[in-house]
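Peer 1: Have a look at this one.
The values are calculated or read from the model by the stated rules, or taken from the named source; none is laboratory data. Remember, predicted model here, so these are calculated numbers, not experimental data. Cβ coordinates were reconstructed from backbone atoms using ideal geometry, including for glycine residues, and neighbour counts include every protein chain displayed.
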Amino acid sequence: MSFGTLVEAFLLGLLEGFTEFLPVSSTGHILLAGYFLGFESEGKVFEVLIQLGAILAIVTVYFQRFWQVLVTLPSSARSRRFVLSIIVAFLPAAVIGAFAHGFIKSVLFESPALICVMLILGGIVLLWVDTLRIKPVHTDAMAFPPSLTVKIGFIQCLAMIPGVSRSGSTIVGGLLLGASKPAAAEFSFFLALPTMAGAFAYDLYKNHDRLSTDDTLVIVVGFIAAFLSAVVVVRGLLAFVSRHGYALFGWWRIAVGGAGLIALALLG
């Protein structure tokens, strides 16, 4: 393994952590960057496993709140409803993801043109949603009713198509269903924990026999970089969207998707 490979892993890890919780599709960015860098990952294991760094960033930033939920679970109806809402939102992705895992990894993850198109379409959707003046009904991400979160959970399944964005689909779903912009983003953070942890565990189970010592080092480097950059994003995103909305991310997606299509055309 060369030093250059470790540098690429670190840069891709930074990109993963920076984009994971933005509605721009971290998977789409990582797959496109890896494609153009010539970064090879057996079974695309690297791209999934470094998400653990982003998961731990959420746990770190929200540790006190999660701990409060845990210790009050037996006595607090609010805590129990929060846990239930996360579970019912997670289940659609767990079931559909398990059945479609092979197709997603072997077909969709290998289609850079599809990723670019989905980035552009998702950007257009974000720009449209950001212009809507929907009066928010739900402003507390920890008090979303299960009837709302199960709908967001099904909408999240669209993100199994790389380029759609897990956070983007859950945020747009939340906004259209009456959540405020900060609450939609924060619920996306919370739902990321079981969704990404489940994807991590399932992918590790399916591909552990493919991992070598060199792979492990590359993944660790990417994990550390993803953790560091994700902490920065999680701490600052809510304040940003409260002031500026999501239009910037829509234009970002369109620019990246458009540049990717042009590069693919030039490279043949």
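Peer 1: Suppose we keep only residues that are hydrophobic (A, V, I, L, M, F, W, C) and in contact with a Ser or Thr (Cβ under 8 Å, 6 or more places away or on another chain) within the stretch 165-180. Which one would you say is surrounded by the most Cβ atoms within 10 Å (Cβ to Cβ)?
Peer 2: Once the filter is applied, the top-ranked residue is ILE171.
Table: residues versus (1) modelled with pLDDT of 90 or more; (2) part of a helix (DSSP H, G or I); (3) closer than 24 Å to VAL48 by Cα.
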position	(1), (2), (3)
VAL218	no, yes, yes
ILE224	yes, yes, yes
LEU228	yes, yes, yes
VAL232	yes, yes, yes
LEU238	no, yes, no
VAL241	no, yes, no
PHE249	yes, yes, yes
TRP252	yes, yes, yes
ALA255	yes, yes, no
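Peer 1: Moving on. Which one of PHE200, PHE190, PHE240 is aromatic (Phe, Trp, Tyr), free of Cβ contacts under 8 Å to residues at least 40 places away in the same chain and crowded, with 16+ Cβ neighbours inside 10 Å?
Peer 2: PHE240
Peer 1: How many of the residues in the stretch 108-120 are in a helix (DSSP H, G or I) and without any contact (Cβ under 8 Å) to a residue 60 or more places away in the chain?
Peer 2: Going through the stretch 108-120 one residue at a time, the tally reaches 3.
Peer 1: Also, I was wondering about something else. Could you tell me whether any residue of the stretch 31-47 is more than 15 Å from the chain's Cα centre (by Cα) and β-branched (Val, Ile, Thr)?
Peer 2: Looking through the stretch 31-47, at least one residue is more than 15 Å from the chain's Cα centre (by Cα) and β-branched (Val, Ile, Thr).
Peer 1: With the checklist (1) crowded, with 16+ Cβ neighbours inside 10 Å; (2) within 19 Å of GLY198 (Cβ to Cβ); (3) not small (Gly, Ala, Ser) in hand, flag the one item LEU84 doesn't pass.
Peer 2: (1)
Peer 1: With in contact with an Asp or Glu (Cβ under 9 Å, 6 or more places away or on another chain) and either under 25 Å from VAL117 (Cα atoms) or touching a residue at least 24 places away in the same chain (Cβ under 8 Å) (or both) as the only criterion, which of ALA185, ALA247, ALA263 stands out?
Peer 2: Checking each option against the conditions leaves just ALA247.
Peer 1: Still on this structure: What's the total number of residues in the stretch 35-77 that are surrounded by 20 or more Cβ atoms within 10 Å (Cβ to Cβ), modelled with pLDDT under 85 and of a type in the set (Gly, Ala, Ser)?
Peer 2: Here the count works out to 1.
Peer 1: When you scan the stretch 183-190, do you find a residue that is touching a helix residue (DSSP H, G or I) at 6+ places or on another chain (Cβ under 7 Å) and over 22 Å from ALA247 (Cα atoms), even just one?
Peer 2: Yes - at least one qualifying residue is present in the stretch 183-190.
Peer 1: GLU20: within 24 Å of PHE249 (Cβ to Cβ) and among the charged types (D, E, K, R), yes or no?
Peer 2: yes
Peer 1: If ILE152 passes every condition in (1) farther than 25 Å from ALA77 by Cα; (2) aliphatic (A, V, I, L, M); (3) at pLDDT 95 or above; (4) surrounded by 24 or more Cβ atoms within 10 Å (Cβ to Cβ) but one, which one does it miss?
Peer 2: (1)
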